[in-house]
1. Sorted by mean Cβ packing within 10 Å, highest first, what order do the peptides 555-564, 634-643 take?
2. Work out Dmax and Rg for the range 572-715 from the C-alpha atoms and quote the Rg first, both in angstrom.
3. Taking a ≥ b ≥ c as the square roots of the eigenvalues of the Cα gyration tensor of the range 329-376, is the shape rounded (a/c under 1.5), prolate (a/b larger than b/c) or oblate?
4. Could you list the GluC sites (Glu not before Pro) in the range 732-790 that lie in coil according to DSSP, counting only those with at most 14 other Cβ atoms within 10 Å of their Cβ?
5. How big, in percent, is the set of alpha carbon pairs in the range 38-83 lying more than 17 Å apart?
6. If one computes the Cα centroid of the range 813-828 and of the range 192-237, what distance in Å separates the two points?
7. Suppose we look only past 19 Å in the calculated P(r) of the range 667-784. What percent of the Cα-Cα pairs does that tail hold?
8. Counting C-alpha atoms alone, how compact is the range 54-141: give Rg to one decimal and Dmax as a whole number, in angstrom.
Amino acid sequence: MFRIRHCLLLFISITTFLQAQQPKKLNSSEIYESIQKLNVLGSVLYIAAHPDDENTRLISYMSNHLKARTAYLSLTRGDGGQNLIGPEIRELLGVIRTQELLAARRIDGGEQRFTRANDFGYSKHPDETLDIWNKDEVLSDVVWAIREFKPDVIINRFDHRRGGQTHGHHTSSALLSLEAFDIANDTSKYSAQLEHTEPWQPTRLFYNTSWWRYGSQEEFNKIDKSNMLNFDIGVYYPTKGMSNNEVASLASSQHLCQGFGRLSTRGTQQEYIEFLKGEPLDDSNDVFAGVDTSWNRIEGGSVVGNVLNEVEANFNFVNPASHLPQLLDAYRALQNVKNEHWKAIKTQELKQIIEACAGLYLEVSADAPSASPNSTVGLNMEVLNRSDANITLVSYNLSTLKNAISKNIPVPENQRLNFSEGVLIPKDANYTTPYWLNGKNTLGMYNVKDQQLIGLPETPRALFIDFNLNIEGTPLTITKPVVYRYSKPDKGELYRPFEVIPAVSSRITDKVFIFENDKQKDIEVTIKAGKDNIDGFVQMAYPENWNIYPQKQRIQIAKKGDVQNVIFTVIPPNQQSEGIIKPMVNVDGEFYTNELVEIDYAHIPYQTVLMPNESKVVRLDINKRGENIGYIVGAGDVVPESLRQIGYNVSIIQPEQISADNLRNFDAIVMGIRAYNILDELKFKQKFLLDYVKDGGNMIVQYNTSRGIKTNKIAPYDIKLSRDRVTDENADVRILKPDHTLLNYPNKITAQDFEGWVQERGLYFPSEWSEEFTPLLAMNDKGENSKEGSLLVAKYGDGYYIYTGLSFFREFPAGVSGAYRLFANLLSAGKEDLKPLKN
Ligand SMILES: [Zn+2]
């Protein structure tokens, strides 16, 4: 049990201090604020679904005004969002958004927790969300967060009573919070967790309501608020020179990849929380009513509290070091406290205060930003005491070494001590990479087996150092992670976390290569050295029937960080086939197969992420008719690029360019996903599109959501969009009209074409349509009715109108052969007498 606590707390101290800039050193005001916080033993857990859902005004108020230990539990890492600042999407976006949350918490004073839930994208209803997430696992993780953090108060961001009216992830976060509140104290629930922690009953559960929940400020003014508490979240902090809402704006402005940078606000402002569950409220407007949040809360605490309250009441801003004797008294008394939970938290806080009061400068900086296992790195330690306290450096202890290195050197006032050590990174050291990306993930869940890692925002650093000190007769250990300190002439002094990386990594530029015929293609592989003097070879793993030459290529890279590019020629088989190609780099007898992704933005610490380096190769057996495709971009997809990969000429048509003359040139017109939800112009341009069909054109409309359609005539005949979707990508597909041209010409579509689909079958299928439409396919998720609206075709005049909710936009980038073949048939509708398009 001790080890876990140590691990979690170590982690907290590291995240507090590890930044893109110099690790934080507290000034007098900050020391004073830390002492105020040290004297509060109350805690608040705020729960929502995504990075940027959290109300930083309230988190900052709880942390900075009430001085409570405050955390934000974001069920997901926001992998499904869009990235406004760079190319990272999905898992890599989740890494950025995790760091943005940590950056926000460094400003508002909160801590950060997660569950294993994967942000799979938009979800209309909590039922659907909880189906795609593993509800039991996410609930387990919320219970785990409550048992570990032990909040007195939980505040939900979202209303559990509003299912279907907001993102399904949002309502789910509230529902899971309610359920977890009821079972976290039940030892029969998720009892395996109790090997590592204890059951816990939070005192109260609230919902962070607002006027917008009621439609308007006016409506909100009218309602009975007797079950609500309210706070002035515009309160001013003289020690910060800022109002609470200013702090909150700075914190939420860290969500830069979501475009959340915003102006700060000031002045009085009310925030409301609605009581949902737990101990009834009294008339005090106190979120902690009935909970003793003083040191008297814990046995043996009053002795500590007496000393520390005295320090707070008479704090010496000019010379905080004058409090060292009292702080050390409190530290020793704290070690006798029985409550392990508070003892661990308060010990950590108190050590940071003692360190700051003594003006201690403790740092360990590596002579390189990274190193690979089994290589040596030089560490430089700086130890400086900027007070008149008697301090001795007894020893220091590297995390890679079993025994401490004994020193027993006095640290005289303001005399810098420097030490250096060469350290061998152990052969089995873990690479610095997000732990939740190490397992095989599903659409809904990250796979993390180690219970002690679940919930942590980051992988605990492998390399750190314990400085074992004696301060005025009291032994005290202060732990520091290894950092890399460097400077740039145009930026000044900079810090980076120290990284353990593989000896070598590799990269192929594209994740999918489509071969629409049997012509060979050259692909480039980039090999990057993680250490000096790489001498080895690279070979490619590839599927049966395929060929890649040469078999092996020698790799020689002299300098760490340099790269070597090699070209391999890929020869596809004659028939349809797909598989994975993977560079395997062999150095010193060991194979390396990962890509090392670097994420470097100014507002978050530098990150490295190891991802499997593999690309899909697809040899299509595909026939096509028609050549020139007009594409009207909707919410954004890579369908145009994918169609170009298989040899079509694709022109993007701007909505304002839609005209009879313009459309006439195309063999088919394809509407991008959700085009009718977002393009206002379609209200006026739809008639040109339908006339184009009537005159013999071929129009393919991809999915739109059922609400907010810009035209009342999306199709030439009646059609009703619904929220029907089939989320199981392996759901059985039944061919309703096996003889229909669209399923036979020019490619014969069979059950095989529905194998290997990813993420889902499709979404927002029409649920009703007029008799002119022919449904071609039927499918459904387990336990649901058969859905026949995924692919509808109608003859209109001389042309064809096709509506499809099938997720071609997801299948193409994943290189799904059947999706390409079926789409080629849709594009070929009405072109039976055309000659085949030359490959
Ligand atoms: Zn959200």
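Here, each number is a calculation from the coordinates, and none is a lab measurement. All of these numbers come straight from a predicted model, not from anything done at the bench. Positions of Cβ are generated from backbone atoms using ideal geometry, with glycine treated the same way; all protein chains shown enter the neighbour counts.
1. Descending packing order for the listed peptides: 634-643, 555-564.
2. My reading of the Cα-based Rg and Dmax gives 21.6, 67 Å.
3. It comes out oblate by the Cα gyration axes.
4. Those satisfying the criteria are Glu755, Glu771, Glu784.
5. Roughly 39 percent, once rounded to a whole number.
6. Taking the Cα centre of each part, the range 813-828 and the range 192-237 sit 50 Å apart.
7. 56 percent
8. Here Rg and the maximum Cα pair distance are 14.5, 40 Å.
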